[in-house]
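The values are calculated or read from the model by the stated rules, or taken from the named source; none is laboratory data. Since the model is a prediction, treat every value here as computed from it, not as a measurement. Cβ atoms come from the backbone with ideal geometry, glycine included; neighbour counts cover every protein chain shown.
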Amino acid sequence: FEPPYPPYDPTDKSGFSYETVLKRWPIILTSIVDQLHRENHDLHQSTQQETDSSRKATLEKKLEESKSIIEQVSKLKYQMARDHVMEPIPEDGEPHAELYNSELDRLAKSAKNTWFTAPWLYAECYLYRLLRSMFIQSTHWHDYDPFAAQKKDVFRKSGNSIYGIAKMMHDLQKEKAAIKNNTENLKVFFLEMIQMCLWGNATDLSLLTHMSVSDIERLQAFEKDAQAARQAFIMRDDQEAAWNQLQASKDGRVDFVLDNSGFELFTDLVFADFLVTCTPYVSKVVFHPKLIPWFVSDVTPPDFTQTISNLSDPAFLESSPSPDQQDHLHELAARLKQHVDNGTFSMSVPLHTPLGGGSDGKGAAFWTTPVPYWDMEAYDRELWESLRQSSLVIFKGDLNYRKLTGDIQWPAWTPFAEALGPLAGSFPLLSLRTNKADVAVGLDKQKVAETEEKDPKWRVNGKFALISFCT
Ligand code: F6P
Ligand code: MG
């Protein structure tokens, strides 16, 4: 599909893409170097204490490899800042090297194969695939996720919001028999769930480069007043249409194309729990993770299983809960685990799939390509066919939105279905996204002008959101 406008790229110095290449990516690369330095510090101490010579040699080799990865990441940072040509992804045994490299060749023909000229969406996907190649080519860091510690730390700090939501679910479970057959009540809860799940997307660690943890805590707040106040920031609101779609199904399947791990994943799981326990419409939920560390905080298969077990561990969250709070979370975590154990919840890949996907990764490989979703059918027909079995496919977050719309410079009042290209009509889809990149479609022209006036950064500062549905 050839859209009628060009994609966003950093040649426009007023766009968020330019700021990202100039400032945000260097910070993310530095955080990887810092993380490896911390690992090395511990490794160095273990090496010194080790008395067995073969184990000592292994530790030394591991340390050496980590130093080499630090060098590679530092070199990448240097080359990025100087707008060097983006080098081919090595043949490292993981999927997509060829796909990324043939696109690089194509970009080279129009001299758009450097960090400050390449289309933003492509370059950012390429960045995470390139980082992965540095780890996969080592022996001891093969399965290492350089963002895992950061994901876990922020998740541990989300206790207040998590206990709040667990209480709400506890109350809801008590009333579920009464609400299950009362469509009006169900609808009220459904709309609240959508909002919780939407604002859960504010917890994106690649944005922590310019947002503080307390900013994020404010965005996570789930209380009714906080939700109502945020309604004004939803610039497109297709909640009703999504509700009508869902109501048409019985014992159907919902798919979540996941975004971030930690708090956002928790809200996705809670929404899914609500759908299968409180409504007659859904009996199965499929979650689609990323196979490699991706855009800092995205969910990988190990993150998914880890999150379920973290929630069941009373010592995991940093806050000190009351006995009631602890019970509510315990109850919710047990139910989530049960959904996973009995197959009501599943991932698109087997539960214990390692980073990279191993031999089971096929079902998720598409999500770490740079391919816009309008080419999903051509690129991964099996996935596309499988999503056509779903009653509703929920695309979480900003990156999914960029891929749904191709990260194209559409006028903001382009109809959503038009920006989806040939994907429109393939299956019912709902995108829940807080705005963290320039692309936005499906908006009212007048509303765009007013918002522009009120807050010129509305497209990128994470304070505004879009709920976009296409049948
Ligand atoms: O840095 C680019 C970007 O895609 C931004 O658009 C966004 O801030 C982030 O990465 C990903 O956001 P999300 O986790 O919501 O997909
Ligand atoms: Mg993300």
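GLY356 versus (1) assigned to a loop (DSSP other than H, G, I, E, B); (2) at pLDDT 95 or above; (3) surrounded by 19 or more Cβ atoms within 10 Å (Cβ to Cβ): which is the lone unmet condition?
(2)
Of all residues in region 224-253, which are part of a helix (DSSP H, G or I), at pLDDT below 95 and hydrophobic (A, V, I, L, M, F, W, C)?
Of everything in region 224-253, those that are part of a helix (DSSP H, G or I), at pLDDT below 95 and hydrophobic (A, V, I, L, M, F, W, C) turn out to be ALA226, ALA228, ALA229.
Filtering region 304-339 down to residues that are part of a loop (DSSP other than H, G, I, E, B) and acidic (Asp, Glu), which residue is surrounded by the fewest Cβ atoms within 10 Å (Cβ to Cβ)?
Across region 304-339, the extreme among qualifying residues is ASP313.
In region 1-54, what count of residues is obtained for those that are surrounded by 13 or more Cβ atoms within 10 Å (Cβ to Cβ), among the small types (Gly, Ala, Ser) and not in a helix (DSSP H, G or I)?
The qualifying residues number 1.
Here are PHE256, PHE295, PHE287, PHE271: which of them is of a type outside the set (D, E, K, R), modelled with pLDDT of 95 or more, within 11 Å of ligand 2 (Cβ to nearest atom) and within 19 Å of the chain's Cα centre (by Cα)?
Sole residue among the options that is of a type outside the set (D, E, K, R), modelled with pLDDT of 95 or more, within 11 Å of ligand 2 (Cβ to nearest atom) and within 19 Å of the chain's Cα centre (by Cα): PHE295.
Regarding SER426, is this residue more than 16 Å from ligand 2 (Cβ to nearest atom), outside any helix (DSSP H, G or I), within 23 Å of PRO301 (Cα to Cα) and of a type in the set (Ser, Thr, Tyr)?
Criteria not met by SER426.
If only one of ASN185, ASN101 is among the polar types (S, T, N, Q) and farther than 22 Å from GLY406 by Cβ, which one is it? Reasoning before the result, please.
On the way: ASN101 fails: farther than 22 Å from GLY406 by Cβ.
Being among the polar types (S, T, N, Q) and farther than 22 Å from GLY406 by Cβ holds for just one of ASN185, ASN101, which is ASN185.
Could you grab the pairs with beta carbons closer than 8 Å, sequence gap of 6+ or different chains, first residue in region 100-124 and more than 24 Å from LEU29 (Cα to Cα), second one among the β-branched types (Val, Ile, Thr) and within 16 Å of ligand 2 (Cβ to nearest atom)?
Listed pairs, sorted by first residue: none to list.
Within region 436-463, how many residues turn out to be in a loop (DSSP other than H, G, I, E, B) and either more than 13 Å from ligand 1 (Cβ to nearest atom) or without any contact (Cβ under 8 Å) to a residue 60 or more places away in the chain (or both)?
Adding up the residues that qualify gives 9.
Which helices (runs of 4 or more DSSP H) sit wholly inside region 379-421 and have at least 3 residues that are buried (at least 23 other Cβ atoms within 10 Å of the Cβ)?
Answer list for region 379-421: 397-404.
So, in region 90-147, exactly how many residues are surrounded by 17 or more Cβ atoms within 10 Å (Cβ to Cβ), over 20 Å from the mean Cα position of the chain (by Cα) and assigned to a helix (DSSP H, G or I)?
The qualifying residues number 10.
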